[in-house]
Amino acid sequence: MADVSVKTNPKQSRSMLEVAVDKIWRFFTSVRNAVYEIAFLTLLVLIGTLRGSSVPQWIADTIPALQPLVDRWYAWDVWRSSLFAITLAVIAVAIVICTLNRLPGIWTTITNPKVSTSRGFLRGAETNAVYTLTGTHEDILGSIERVLKGKRYRVLTEKVGDETHFYADKNRFSNLGTFPFHIGLILILVGGIVASVYGFRDNEFIIPEGSRRNVGHGTGLSVELNRFRDNWSAVGVPIDYVSDITVYEDGQPVKSGSVRVNGPLSYGNATFYQSSFGIAAHLSIVDSSGNMVFSDAVDLGLFTKRDNPDQPAGVARLPQENAQLVVIGPDSDPFNAPELDTMQLQSGQLWVSLESLGESTDVTGSGGEGVVLTQGQPTRVGDYTVTFEREGRFSVLQVGYNPGIPIFIISVFWVLGGLIITFYFPHRRVRGIISDGPDGTTASIAPLAKRDWSGKREFFTLVEKWNETLGTKPAIRLPANATDYDYLRAHENDAGI
Amino acid sequence: MDGLVRFSFYAFAASSMAIIAAAIAYVVFGVGRVRVLRQTLATSTGHTVTSSQLHQEAGPIGFARWGLMLTWFGMFFAGVAIVTRWIAAGHFPISNMYEYSLVFLFSITLMYIVFERAYGVRQLGAIVMPIAAGMTLYIWSLDPNMREVNPLIPALQAGWIMPFHVGSFNLAYATFAVAFAAAILFLVAERTNAKWLPSAEMLDDVAFRAVSVGFPLFTLGLILGSVWAHDAWGVYWQWDPKETAALFTWLVYGVYLHTRTLRGWRGRRSAYVLLFGFAATAFTYYGNYFFGGLHAYGGV
Ligand code: HEM
């Protein structure tokens, strides 16, 4: 026994592997399974969608026994669940395998279709037309072909014995249309994955007017705010605010433009959105030997004074000096909680305090060593001379960096292009045999249009044209639903139809 | 109300009357004449036997012709209402459910006319036009304040994309209504072999053609929506319920398209998927009533 199993095992296990591969392959190539897979995805999307509504609660209110289930429903984040990801993955795999499986067959239909046919097929077709004619096969075929070519059909012929068989089709590339469409769907998923893995978002990218800031994250981008503009309505509501910016890549200016609410500016995979804005103070700081160690704007907006939220604060960092200057501005809303405004700063004044670098990013402003600056007056602060040059503004942008964008754009073209090819350029096919009989030469023609109403309608328009070029009317086998066709209705009383 | 806005409202009123009248005309045509055929037979035994039979025929064609003309009126006046309001407001009218629904009225009448002309199946009107009429009633039931023109909230001010986003969705909804009507007629034709209806095969083709117009439009609507979301909010897709409701509807029609390629599914099961698809479409359309979130329009 053991002996036998040792001998047969390698062969058997290979065939088992083959069987397994074959089974998996068949599973994924089945369109029936695809329907179930898409239906399952549809169900998940519905569950996830309803989670954002009160529908589940309504169900629980109606059937209280379901409350625990409904609670779990609300707790389940479908979009981030592994079940959802697996479903998408299965569908992606099914699409790829299905594509690979179908491609050779479709390619053969396009490049090398079977031309010869059988009388049985023509006779059994739901509809066909049989012309009785005189003339050579070449002449008759020529007339038939002229009509087909005029309607953009390709015509292929083959001699079978003393019969002439022909096959004609148009839009033969139509069946390929589902490929770009389905592959485009996968590409959209890929774009989403690329975006979430390699992209980032910075919701508080602050640039004071006249300054330049690095975007970071290894993008090599920096942005300069050239000018900030705002418009206010009579009642003090901001109507519009606009940042005129220049984007630099590796130090070179690469794009300039304005950014407003709902009007972002994109450069490459980065997009800049207008978010908000605030007040900035331009400071210059000179050390004891007269060297300028800082000349830039400090945005007063990211922080506030700890014990008075109406007083904006900011930090000027001096890394070479291992120092930082905490800056606090005047109370922006003196009527709100006036008792908190212990500094009593006037417009044009700033309170600053020198600390060692990184000492506290938490700007308390409660240290004793603070100094009040007045605009335009150089003032000693520790070992430095600090000047409050002028007031300006800063703009808060959001930076979205999405390397999936090019993939998304390409997939959009694939998806829409694929749909247009599939739906608006349908593959149409006709087969026929020209043969000699006792009553003369007959041309029997039938469309490949089983259960295809439009396909048959197209065939009837061809018949109408053939009637003209062949100069006679055929014996037509009518489909069961003949009265649905305008053409036939109009010709009902004609001979032969 | 300023003059042009009022003019637009009257145009809507004219449109809604035409659409309701069209719906009635098509229903009269579609339901047709139900006649009781009574036959009296003398039998060989000398008795007489009466048999009565319900018999349905196509309604008077005149009603369908009237219906079509009124539908043209409905489309024209809905178009006038949209254009005048567009001029008055200075932006494409999509700021609230009233305006949004005007676009739908225009779309559904347009798509109905296109399909009636393409196939000549007038019975479709007996289902599509009542849907349109129901829509006009819904619009009348909305808060009258919506008939005023209000400034657009900034999120909706996104230039050229918005009209195309809304337009392609509405046209898609409208073609799905046509597909829905064809699916119902298909199920009737298939079961009853009704002489007053075209063949089931033709109705199946009408439904498929409607979806083959609607599905790409819906796809385009989804794509434009995500492009617009990117401009407005910085992300293409946020899994917002209104977005995912649209995705859900799109997938249902994806299922439909695949069932058509399957033996044993094409036909009846495909038609059932279409009925479900139209329910999903309505769910997407009225999604604002179920969800809060980014797509909550003014007034809803
Ligand atoms: C589960 C993975 C999928 C597989 C294996 C698959 C397979 C196929 C196949 C084989 C066809 C061609 C049918 C034919 O021409 O006879 C097809 C058509 C199509 N599929 Fe898919 N598909 C999948 C997913 C999807 C998804 C997710 C969608 C979008 C909702 C979709 C939308 C379509 C469309 C629009 C057509 C064209 C239908 C037509 O020609 O009438 N497919 N699919």
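The values are calculated or read from the model by the stated rules, or taken from the named source; none is laboratory data. Predicted model only: the values in this text are computed from it and were never measured. FYI the Cβ positions are ideal-geometry reconstructions off the backbone, even for glycines, and counts take in every protein chain you see.
Tabulated results
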read-out	value
Filter result for the condition that a residue is surrounded by fewer than 22 Cβ atoms within 10 Å (Cβ to Cβ) and either of a type outside the set (Gly, Ala, Ser) or at pLDDT 80 or above (or both), over B:67, B:32, B:62	B:62
Tabulated pairs, region A:98-112, first in contact (Cβ under 8 Å) with a residue 60 or more places away in the chain, second among the β-branched types (Val, Ile, Thr), C-beta under 6 angstrom, 6+ apart or interchain	A:98/A:29; A:101/A:29
Residue satisfying condition, being in contact with a strand residue (DSSP E or B) (Cβ under 7 Å, 6 or more places away or on another chain) and over 30 Å from residue A:222 (Cβ atoms), within set A:146, A:154, A:201	A:154
Selection within region B:269-281 - in contact with a Ser or Thr (Cβ under 8 Å, 6 or more places away or on another chain), small (Gly, Ala, Ser) and touching a residue at least 60 places away in the same chain (Cβ under 8 Å)	B:270, B:277
Hits in region B:190-216 (condition: more than 10 Å from chain A (Cβ to nearest Cβ) and closer than 28 Å to residue B:248 by Cβ)	B:190, B:207, B:210, B:214
Scan of region B:269-291 for residues that are hydroxyl-bearing (Ser, Thr, Tyr) and either at the interface with chain A (Cβ under 9 Å from one of its Cβ atoms) or in a helix (DSSP H, G or I) (or both), ordered by number	B:270, B:272, B:281, B:284, B:285, B:289
Where residue A:448 falls short, out of the listed (1) in contact with a Lys or Arg (Cβ under 9 Å, 6 or more places away or on another chain); (2) away from the ligand (no atom under 14 Å from the Cβ)	(2)
Yes/no for residue B:250 being in contact (Cβ under 8 Å) with a residue 60 or more places away in the chain, touching a helix residue (DSSP H, G or I) at 6+ places or on another chain (Cβ under 9 Å) and more than 21 Å from residue B:124 (Cβ to Cβ)	no
Enumeration of residues in region B:252-278 that are among the charged types (D, E, K, R) and away from the ligand (no atom under 12 Å from the Cβ)	B:268, B:269
Elements of type helices (runs of 4 or more DSSP H) in region A:15-112, at least 2 residues being more than 11 Å from chain B (Cβ to nearest Cβ) and away from the ligand (no atom under 16 Å from the Cβ)	A:55-62, A:67-75, A:82-111
Conditions (1) in contact (Cβ under 8 Å) with a residue 24 or more places away in the chain; (2) of a type outside the set (Phe, Trp, Tyr); (3) in contact with a Leu (Cβ under 7 Å, 6 or more places away or on another chain); (4) away from chain B (no Cβ under 12 Å); number of the one not met by residue A:445	(3)
Test: residue in region B:176-183 that is in contact with a Ser or Thr (Cβ under 6 Å, 6 or more places away or on another chain) and part of a helix (DSSP H, G or I)	yes
Subset of region A:401-420 (residues that are facing chain B (nearest Cβ under 10 Å) and touching a Phe, Trp or Tyr at 6+ places or on another chain (Cβ under 7 Å))	A:408, A:415, A:418, A:419
Filter result for residue B:187 (under 19 Å from the mean Cα position of the chain (by Cα), more than 8 Å from chain A (Cβ to nearest Cβ) and surrounded by fewer than 21 Cβ atoms within 10 Å (Cβ to Cβ))	yes
Residues satisfying the stated conditions in region B:83-100, i.e. buried (at least 21 other Cβ atoms within 10 Å of the Cβ), more than 18 Å from the chain's Cα centre (by Cα) and at pLDDT 85 or above	B:84, B:85
Scan of region B:227-236 for residues that are facing chain A (nearest Cβ under 9 Å) and either surrounded by fewer than 19 Cβ atoms within 10 Å (Cβ to Cβ) or closer than 17 Å to residue B:166 by Cα (or both), ordered by number	B:227, B:230, B:231, B:232, B:233, B:235, B:236
Hits in region B:255-268 - residues which are without any contact (Cβ under 8 Å) to a residue 12 or more places away in the chain and part of a helix (DSSP H, G or I)	B:258
Test: residue in region B:190-197 that is over 28 Å from residue A:192 (Cα atoms), free of Cβ contacts under 8 Å to residues at least 24 places away in the same chain and not hydroxyl-bearing (Ser, Thr, Tyr)	yes
Residue, surrounded by the fewest Cβ atoms within 10 Å (Cβ to Cβ), within region A:114-172, restricted to residues that are at pLDDT below 90 and at positive phi	A:161
Top-ranked residue in region A:195-213 [being assigned to a helix (DSSP H, G or I) and within 12 Å of another protein chain (Cβ to nearest Cβ); ranked as surrounded by the fewest Cβ atoms within 10 Å (Cβ to Cβ)]	A:196
Failed criterion for residue A:386 (all others in (1) under 24 Å from the mean Cα position of the chain (by Cα); (2) of a type in the set (A, V, I, L, M); (3) buried (at least 21 other Cβ atoms within 10 Å of the Cβ) hold)	(1)
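Each row is one residue, and each column tells you yes or no for (1) within 16 Å of the ligand (Cβ to nearest atom); (2) farther than 18 Å from residue A:479 by Cβ; (3) at pLDDT 90 or above.
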site	(1), (2), (3)
A:404	no, yes, no
A:407	no, yes, yes
A:410	no, yes, yes
A:418	yes, yes, yes
A:429	yes, no, yes
A:436	no, yes, no
A:439	no, yes, no
A:443	no, yes, yes
A:463	no, no, yes
